[in-house]
Amino acid sequence: MDEKVAAQVITKYLKKGNMARCLRDILPSANLSKKQREDIADIVHTVVRWKRLFEHIIETRGLRVSAETYVKLAREGAQADASSYPFEYRYSCSSYVANILKDHGDWVEYLNETPPTTLCVNFNKSTIDDVISKLQEESLPAERSLLPTALLTTSISKYSKVIQERFAHVQDESSQLVAFLAASLGTSLFDFCAGSGGKSLAIASMTNNKKKLYAYEINAIKRATLKQRCSEYNANVIIEDTLPKKKFDLVLVDAPCTGLGAARRNPEAKYVEGADDFPSKQDSILRQAATHVKPNGLLFYAVCTITPQETSNVLEKFISDNDYSLLQSEDFPYHEYLLENKYGFVTRLPRGDLFFISVLKKPL
């Protein structure tokens, strides 16, 4: 049953792409248990994670190109015997990504791992001990993270009562680290690209609603979701429908990006062939966000990617045009989980995504 449904998902994915949407389109109507859904999702993630390698194996062995073949290779663990293949096949990525990762052996291995599901505990409705107890009552694992709000668990926990009752939300460990850093560096905070609110919820939780937190999202549908989630999670966030004229101690720019740093959770990111128009969007957003920073305030840039075009290049261009200075890691809590480079840092939590962050100080 599992392999048959997995093949249906892979058939759709091979035609249309977008792994997450294919899973959402098929799994809910397949009359499966939570465990079966998790097993199928694992198979699909394995196929997508190793797709380029599997394509190479299918071609060199003369196998039939079908979803069933991909599922069979995933079940057999064909990726374990790839050491003799060229880099982009061995690590199953595009040539563009291979050129970025060839000098970062630790990253390339890491991005092919299967990550844990991580929860961000909502301190405005619960405690970490209470959430652990509730998960244990449902026979779900719970391991404390290096961060005080984070719990490492299993993907089945997405269906847990702690999620349904808004005692926690699913959020990667490094995303929570970004929220921690932002929350620690300012009194009035503005989440400039809030999306559906993951980092706003995290900041509201870890500060117990004691910071002045504002948020804006240009997409009206996401903004409506943001409002609803903040209400459900008891998060005191002032959500702006239009860009405010206010200025803030810290403006957080969690910009749209290729998502390569989250390839463990979304392996499709390993197949991008370039940064597309993301750098120009990021530059535009960063410059717009800068207009909302108080004198001597901070502009916090964060992207879940490690491509030079979206990280160092964006910051180099912005700094060359603006009189901002870079903050150093010793100014941050948890600085031991930051790997410094010329224009910022890459997060290095043991089980979190790879984020690039840079914190810029505006002159008086």
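Dipole check for the chain: with +1 at the C-beta of Lys and Arg, -1 at the C-beta of Asp and Glu, and the Cα centre as origin, the magnitude is about 980 Debye. Packing-based ranking of 289-297, 236-244, 66-74 yields 66-74, 289-297, 236-244, ordered from highest to lowest mean Cβ neighbour count within 10 Å.
How would the chain be classified by its alpha-carbon gyration tensor: rounded, prolate or oblate, with rounded meaning a/c under 1.5 and the a/b versus b/c comparison settling the rest? Write down the numbers at each step before the final one.
On the way: a/c = 1.99, a/b = 1.35, b/c = 1.47.
Here the chain falls in the oblate category.
Comparing 353, 276, 249 in a Gaussian network model of the chain (Cα springs below 10 Å), the most mobile by mean-square fluctuation is 276.
Quote the charge dipole size of the stretch 173-361 about the Cα centre in Debye, to the nearest 20; the model charges only the Cβ of Lys and Arg (+1) and of Asp and Glu (-1). Kindly include the intermediate steps, with their values, before the conclusion.
On the way: 22 positive and 22 negative charges, 124 e Å.
Roughly 600 debye for the stretch 173-361.
Checking the cross-link pairs 222/361; 12/35; 211/247; 34/222; 12/270 against a 25 Å limit on the alpha carbon distance flags 222/361; 34/222 as lying beyond it.
Please state the charge dipole magnitude for the stretch 98-211, taken about the Cα centre, from unit charges on C-beta atoms (+1 on K and R, -1 on D and E), reported in debye and rounded to the nearest 20.
Working: 10 positive and 13 negative charges, 107 e Å.
Dipole about the Cα centre, nearest 20: 520 debye.
Taking 217, 310, 143 in turn, the Gaussian network model of the chain (Cα-Cα springs below 10 Å) assigns the largest fluctuation to 143. Rounded if a/c is under 1.5, else prolate if a/b is larger than b/c, else oblate: which is the stretch 173-361, with a ≥ b ≥ c the root eigenvalues of its Cα gyration tensor? Cα axes put the stretch 173-361 in the rounded bin.
What share of Cα pairs, in percent, lie more than 14 angstrom apart in the stretch 1-57?
On the way: 777 of 1596 pairs.
The share of Cα pairs beyond 14 Å in the stretch 1-57 comes to 49 percent.
Only one residue of 213, 231, 303 has its Cα farthest out toward the positive end of the dipole of the chain, where Lys and Arg carry +1 and Asp and Glu -1 on Cβ, and that residue is 231. Overall shape: oblate for the stretch 183-233, with the ratio a/c of the largest to smallest alpha carbon gyration tensor axis at 1.5 or above and b/c at least equal to a/b. With q set to 0.22 Å⁻¹, the log10 of I(q)/I(0) for the stretch 117-170, from the Debye formula over equal scatterers at the Cα positions, is -0.67. In units of the compact-protein estimate 2.2 N^0.38 Å, the stretch 44-171 shows a Cα radius of gyration of 1.39. Restricting to the chain, compute how many DSSP beta bridges are antiparallel as a %, nearest 5. The antiparallel fraction comes to roughly 60 percent. Both numbers refer to the Cα atoms of the stretch 270-361; Rg and Dmax are 13.3, 41 Å.
The numbers here are math on the coordinates, done by the rules we state, and not lab data. All values derive from a computational prediction rather than experimental measurement. For neighbour counting, all protein chains shown are included, and Cβ atoms are generated from backbone atoms with ideal geometry for every residue, glycine included.
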